[in-house]
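Structure first, commentary second.
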Amino acid sequence: MTRRSEPIFNVPAIVLAVIVVCVFVHLLRVYWLTDADDDVFLGTFAFIPARYDHALALRMGIPDNWACDIWTFVTYAFIHGSWMHLAVNSVWLLPFGSALARRFGSMRFLAFFAVTAVAGALAHLVTHLGAEQPVIGASGAISGFMAASTRFAFQRGGPLTFAHDEEAYHVPAASLAVGLRDKRIVVFLGAWFGLNILVGLGTLVMPGIDQEVAWQAHIGGFLAGLLLFPLFDPVVVAPSLDGSGGEDSPPALD
């Protein structure tokens, strides 16, 4: 094994840190909090659409102050409903989160995690106004990571071309227009949306997960990751001598 092949086997520290926080939160809920304490915890940190209706929030006895109104758009992503729920999200976070972390770096990774989590919560909110069921889990953010990864993973020299050194994660990304002409990306997008629609219709059941799946949050996070990727991407295409860039131009990092 050469030194250049090591990154595929090493998970970035920031990805492990997110998983550790999720595990800690679940351990806290399972082994430390009483049922009453857990209700308070969920009321404070889970995303609950009813929170944004003052009368409903009062009836449910959940906080509807400005702080909870804001932070629950992100904090819900660190809470999971079961060990299986946590395990499934961790398994998906490892490859897609690692790819983004290697490309973005830790701070951009965390910012992107927050933005895609917010987008997932917003998508759920607009489709479930006044709903009292809490939404928890990192699936919305992870869906955003999946979408963002398609912008560079399929490119020549990228991680899906069996190039696993650090440079593979910094190849110039395809524009959305170019990406949508790539059959591999179109197939991936079609399969992803198809699976989530089947989940939403109840045709496809997630094994080991009894709770209702907030599939609209998945779609919100996915679309945010697909569309907002360029705002976070530190890799730019170096211009050629005539002042124009191109797909064959080497990447430059800011």
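The values are calculated or read from the model by the stated rules, or taken from the named source; none is laboratory data. The structure presented is a predicted model; accordingly, all values stated were derived computationally and were not measured. Cβ placement follows ideal geometry from the backbone for every residue including glycine, while neighbour counts extend to all protein chains displayed. Side chains are part of the model used for accessible areas, which takes the heavy atoms of the whole protein and leaves out ligands, DNA and RNA. Shrake-Rupley method; radii C 1.70, N 1.55, O 1.52, S 1.80 Å.
What to note about this one:
- Computed extension length for A177-L28: 49.1 nm, one decimal, from 0.36 nm per residue of separation with the Cα-Cα distance subtracted.
- Cα shape, the stretch 17-80, gyration tensor, a/c 1.5 rule: oblate
- Protection proxy ranking of 26-38, 53-65, 107-119, by the mean of other Cβ atoms within 10 Å over each peptide's residues and highest first, is 107-119, 53-65, 26-38.
- Mean-position separation - Cα centroids, the stretch 97-171 and the stretch 8-74, in angstrom: 20 Å
- Normalised size of the stretch 1-132, defined as Cα radius of gyration per 2.2 N^0.38 Å with N residues, equals 1.22.
- Once all protein chains are placed together, D182 keeps about 30 Å² accessible to a 1.4 angstrom probe.
- Taken one residue at a time, the phi angles of the stretch 23-33 give Karplus couplings (6.51, -1.76, 1.60, θ = phi - 60°) of 5, 4, 4, 5, 4, 4, 5, 6, 10, 10, 7 Hz. Gly and Pro are set to x.
- Cα shape, the stretch 8-48, gyration tensor, a/c 1.5 rule: prolate
- Inter-label distance, nm, simple model (7 Å from Cα along the C-beta direction), A191/N10: 3.0 nm
- Other residues with beta-carbon under 12 Å from the beta-carbon of A101 carry, at +1 per Lys or Arg and -1 per Asp or Glu, a net charge of +2.
- Cα gyration tensor shape of the stretch 77-147, rounded if a/c is under 1.5, else prolate or oblate by comparing a/b with b/c: oblate
- Stretching the chain fully between S106 and A36 yields a gain of 21.6 nm (0.36 nm per residue, less the alpha carbon separation).
- Residue separation of A114 and I70 scaled by 0.36 nm, minus their Cα-Cα distance, works out to 14.7 nm of gained length.
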